[in-house]
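Inspection log for the structure reproduced underneath, given as structure tokens.
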Amino acid sequence: MARNFDVIAMGNAIVDVIAPVDDAFLLTHKIAKGVMTLIDEFRANQLYNAFEERREAAGGSAANTMAGLASLGARGIFVGKVKSDRLGESFSESMRDIGVRFATAPATDGPSTACCLIAVADDGQRSMSTYLGASRELGAADIKVAEIAAADILYIEGYLWDTDSAKAASRKAIEIAKEAGTKIAFTLSDPFCVGRYREEFLELLENDLDILFANEEEAKALFEVETFDEVLQRIESWNGIAALTRSAKGCVVANGGEVHVIDAAPVARVVDTTGAGDAFAAGFLFGLVRGKDLGDSGRLGVLAAAEIISHYGARPEVSLEVLAGEAGLV
């Protein structure tokens, strides 16, 4: 089958609600700083009303990555579940508007479309309170063999392991990808997510994955080590490609004995780190599907991340394709 798409991504389809806050707000509302916490619909409504300044945008980790890929000029498909409601229609329209195929059938009953309340502190750190809603309804029936076989890379977010049905959908997609020769990429998503499913993620690493995305804390949690050097020692014995982000220190890309240390791209001011890792994944995956070496793929990743953290929101505000061209990376 012809590869008509660069990347097919699976993730939670979520509408982001972003608001600037101070540390006092986080304490008052008992929000854990810098991590993602799962909440129920009542808590979601409570926090939504507490936010004084709100900005809404279609989001979710893998969907943000697809937005970054689209901005670079890639062809992508997103697989995720919304409900047939106002937010669900908004999410679908948003994906279509940026040129990403989104054909997952919406749920007609059950929970409402998911939302993520993102509290952005003065230092740019984001604290996410996520109501998964309809996104939890993603299931094996939503996985289409033809879509996965038509893409060069299947990209899955670790958050999908939080529901049995989405995990089953992910495992089905992985088996289809292996049969079709589609490369499999996986992002660890969050240190607490790693804590919940560490053994299963290690099993995926051993048996299924070609590409792993993780930040420093997630990688330490996966291998249960204290230092980044120990992470690299563990990664060196793995046959796949590891793209490890280190915030202001840039990233390290490793494939066995081949290791690239790449500085972070300069940013005048860090405004909001929401989606930095998602954007990095977009740039890195774009490099791979365009035949770039690991070093240039990493540089595309840090360039995309730098654009995202320079403003509020997890989607590019200027063309990443133009920025990459100016940097001589496309």
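The values are calculated or read from the model by the stated rules, or taken from the named source; none is laboratory data. Here the structure is a predicted model, which is why all the values come from computation and not from measurement. Reconstructed Cβ throughout: ideal geometry from the backbone, glycine too, with neighbour counts over all protein chains shown.
Consider segment 60-101 and keep the residues that are of a type in the set (Lys, Arg) and surrounded by 20 or more Cβ atoms within 10 Å (Cβ to Cβ). The one that is farthest from the chain's Cα centre (by Cα) is Lys83.
Of everything in segment 147-163 that is modelled with pLDDT under 95 and assigned to a helix (DSSP H, G or I), the residue that is surrounded by the most Cβ atoms within 10 Å (Cβ to Cβ) is Tyr159. Scanning segment 219-227 turns up at least one residue that is out of contact with any strand residue (DSSP E or B) (no Cβ under 7 Å at 6 or more places or on another chain), of a type in the set (Val, Ile, Thr), farther than 22 Å from Met36 by Cβ and assigned to a loop (DSSP other than H, G, I, E, B).
Taking segment 71-87 as the range and being in contact with a helix residue (DSSP H, G or I) (Cβ under 7 Å, 6 or more places away or on another chain) and not β-branched (Val, Ile, Thr) as the test, the residues that pass are Ser71, Leu72, Gly73, Ala74, Gly76, Phe78, Gly80, Lys81, Lys83. From the list Asp278, Asp272, the lone residue that is among the charged types (D, E, K, R) and under 13 Å from the mean Cα position of the chain (by Cα) is Asp278. Looking only at segment 275-320, filter to residues that are buried (at least 22 other Cβ atoms within 10 Å of the Cβ) and not in a helix (DSSP H, G or I); which one of those is modelled with the lowest pLDDT? Once the filter is applied, the top-ranked residue is Ala314.
The helices (runs of 4 or more DSSP H) found wholly in segment 1-102 and carrying at least 2 residues that are at pLDDT 95 or above and closer than 25 Å to Ser319 by Cα occupy 61-72. Considering segment 177-218, the residues that are touching a strand residue (DSSP E or B) at 6+ places or on another chain (Cβ under 9 Å), in a helix (DSSP H, G or I) and farther than 24 Å from Lys144 by Cα include one that is modelled with the lowest pLDDT, namely Phe192.
Answer yes if at least one residue in segment 116-127 is assigned to a helix (DSSP H, G or I) and at pLDDT 90 or above, and no otherwise. No, segment 116-127 has no match at all. Figure legend. Inter-residue proximity from segment 276-302: first residues farther than 16 Å from Pro316 by Cα and free of Cβ contacts under 8 Å to residues at least 24 places away in the same chain, second residues buried (at least 24 other Cβ atoms within 10 Å of the Cβ) and not acidic (Asp, Glu), beta-carbon distance below 9 Å, spacing 6+ or different chains. Indicated pairs: Asp293/Gly287. For segment 211-220, what are the residues that are free of Cβ contacts under 8 Å to residues at least 40 places away in the same chain and either within 18 Å of the chain's Cα centre (by Cα) or closer than 17 Å to Ala177 by Cα (or both)? Scanning segment 211-220 gives Leu212, Ala214, Glu216, Glu217, Glu218, Ala219.
Scanning segment 244-298 for residues that are under 21 Å from Ala62 (Cβ atoms), touching a Gly at 6+ places or on another chain (Cβ under 8 Å) and among the β-branched types (Val, Ile, Thr) turns up Thr245, Val253, Thr273, Thr274. Those residues that are within 19 Å of Ile153 (Cβ to Cβ) and either part of a loop (DSSP other than H, G, I, E, B) or among the small types (Gly, Ala, Ser) (or both), I need them from segment 238-274; list them, please. Passing the criteria: Trp238, Asn239, Gly240, Ala242, Ala243, Ala254.
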